[in-house]
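The values are calculated or read from the model by the stated rules, or taken from the named source; none is laboratory data. Remember, it's a predicted structure, so these values are computed and weren't measured experimentally. When we count neighbours, we look across all protein chains shown, and the Cβ atoms used for this are built from the backbone with ideal geometry, even at glycine. Just the protein is used for accessible areas: all its heavy atoms, side chains included, with ligands, DNA and RNA removed. Shrake-Rupley method; radii C 1.70, N 1.55, O 1.52, S 1.80 Å.
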Amino acid sequence: MRVVVKIGGSLLRGAQHFVEAAKFLTSFESPVVVISAVKGVTDMLIELYKTRSESLYESIRDIHADIAKKLGVSGVEPLLKELKAALDLPEGPDVLDYFMSFGERLSATIMNGVLRRMGLDSKLFVAPIITDDNFGNANPLEDRSLAAEIDSHEGVAVVTGFIGRTRDGRFTTVGRGGSDYTATFLAKLLGYRRVVLVTDSPGVMTADPQEVPEAKILPMMSVEEAMEAARLGAKRMHPRTFEPVTGGMYVEVRNYWSRGTVIGNFYAPPPYKVVLKCGEGSCVVGLEAEEIVKLGGEYVGRFSALVPMPPKWAHDLFVKPYFEKLLWTS
C-alpha cells in the first residue's frame, strides 16, 4: 500500500533543502508526495495580490529562479510569467486563491524536477482534488475524477498541497496550513492507510517548548484528541487535518530523523496529552478531560478543559505525572 508523505514549507527554504527532502523521499516506495510552498512565499503572494507590486513579484521570481538554477531543473519560467500576467487581473472572489496557488505550484514543480534528476519516475499532479467554490476555505469533494490518475501512476506522484480546483477549473485553497489536510484527504480519497506529515518538529509536543521547556514528544494520540488540539490552535495543525482519518488510517507527525507521533483511531494513554495556551489560562487536551471539569476546570469540548493557570503549571500537574508513570512501568 502506498504512503502519502507531506513535506512542510518550513523544510523548503533553499536549494539544499529540496535535495534533503528528495533524499528522504527515496526511503519510501513510490510515495504520493504532497508539497507545500517555500517558506514565507504564501505570505508574499497574499501581499502581492493586495499591492500588485513589481518589486515584490521580482523577489518571488528570484527566490524560485535561484533555487531552480542551483538544482538544474526547469519548468518554473512559465509559471513565473503566468504570475506576472496575474498582476493585471481585476478583483474577483477567486483571484486571491489564484495568486496563492503559485506557491505550491512552483515548489512542486521544483521538487518534481529534483526527483527526476535523481533518476526517479516522478510525475507532477497540480490540484488533483475537486472542491466547492468557497474560495479561501474550500471544502474538498469525494470526487476521484482528477485524483484517479495518481493511483494509476506507478512512480512517485508529486502533488501540490493546499490547493484544489472547482469543477470548472478555478483554483481554490483549503485554508492556511492546508497541505496537511490535502494529504489526509487525498489518502482517504485513494484508499491509502498511511500518511506521514513531515515538518521541522520531531512530533506532536505535550506543550509549546517555548512555554514549557521540558515538553515531550507524544508517542501516540487518538484522532479525537488530535482534532481537538488542532481546533484549539495547536501549532502546525490545520483544524481539519484529521477529519479524513477513518477506519484503519493513521498519521505520523515527525521530522526527518524522529520516530514522531502516531495518530489513529485507537485509545492512546496517558489520558492527558497536550497543554495549550488558551483563553485566560491553559487548555488541557485528553480523553479524560471531563475529570478535569469535575475538579473545577471549565468545559471547552469533549476532549478538552480550561484551567486557570499558566501552561507550565498545567503541564506539571496533568501531563508530566503520566509520562513519569509511563517511563516507570515501561
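Assorted remarks:
- Temperature 4 °C, viscosity 1.567 mPa s: under these conditions the Stokes-Einstein estimate for region 189-256, based on its Kirkwood radius over C-alpha pairs, is 102 µm² per second.
- Its DSSP H runs of at least 4 residues, each contributing -39,500 (n - 2.57), put the calculated 222 nm mean residue ellipticity of the chain at -11000 deg cm²/dmol, to the nearest 500.
- On Cα atoms only, tilt of 76-86 relative to the major axis of the chain in degrees: 90
- Principal-axis tilt of helix 320-329 within the chain, Cα atoms, nearest 10 degrees: 80
- Counting Cα-Cα pairs of region 203-330 in 10 Å increments starting at 0 gives whole-percent bin shares of 14, 48, 33, 5, 0.
- Taking 18 Å as the limit for the C-alpha separation, the pairs K23/K188; K277/K320; K123/K188; K273/K320; K6/K84 exceed it in the case of K23/K188; K123/K188; K6/K84.
- Each listed q (0.11, 0.14 Å⁻¹) maps to a log10 I(q)/I(0) for region 66-156 from the Debye sum over equal C-alpha point scatterers, namely -0.41, -0.65.
- Most positive-pole-ward Cα, L80, Y49, L11, against dipole of region 1-118 from beta carbon charges: L11
- Sites matching GluC sites (Glu not before Pro) across region 56-102 that sit in DSSP coil, with at most 12 neighbouring C-beta atoms within 10 Å: E91
- Check: the chain dipole with +1 on Lys, Arg Cβ and -1 on Asp, Glu Cβ, in debye: 760
- Under 5 Å, built H, 5+ apart or other chain: amide partners of V5: V32, V33, V34, V196
- Given charges at beta-carbon only (K, R positive; D, E negative), |dipole| of region 63-211 in Debye: 540
- Each principal axis of the Cα cloud of region 10-76 was evaluated for its coordinate range; sorted largest first, these ranges are 43, 21, 18 Å.
- Accessible area of the chain divided out per residue, in Å², using a probe of 1.4 angstrom: 44
- Taking max minus min of the alpha-carbon positions on each principal axis, the chain gives extents of 60, 42, 36 Å, largest first.
- Over region 1-41, volume per residue of the alpha carbon convex hull, in Å³: 52
- Compared with the dominant Cα axis of the chain, that is its longest principal axis, helix 15-25 is turned about 60°.
- Low-density loop positions, trypsin sites (Lys or Arg not before Pro), region 235-330 - DSSP coil, at most 16 other Cβ in 10 Å: K235, R259, R302
- Nearest-10 value in Å² for the accessible area of C278, using the 1.4 Å probe: 30
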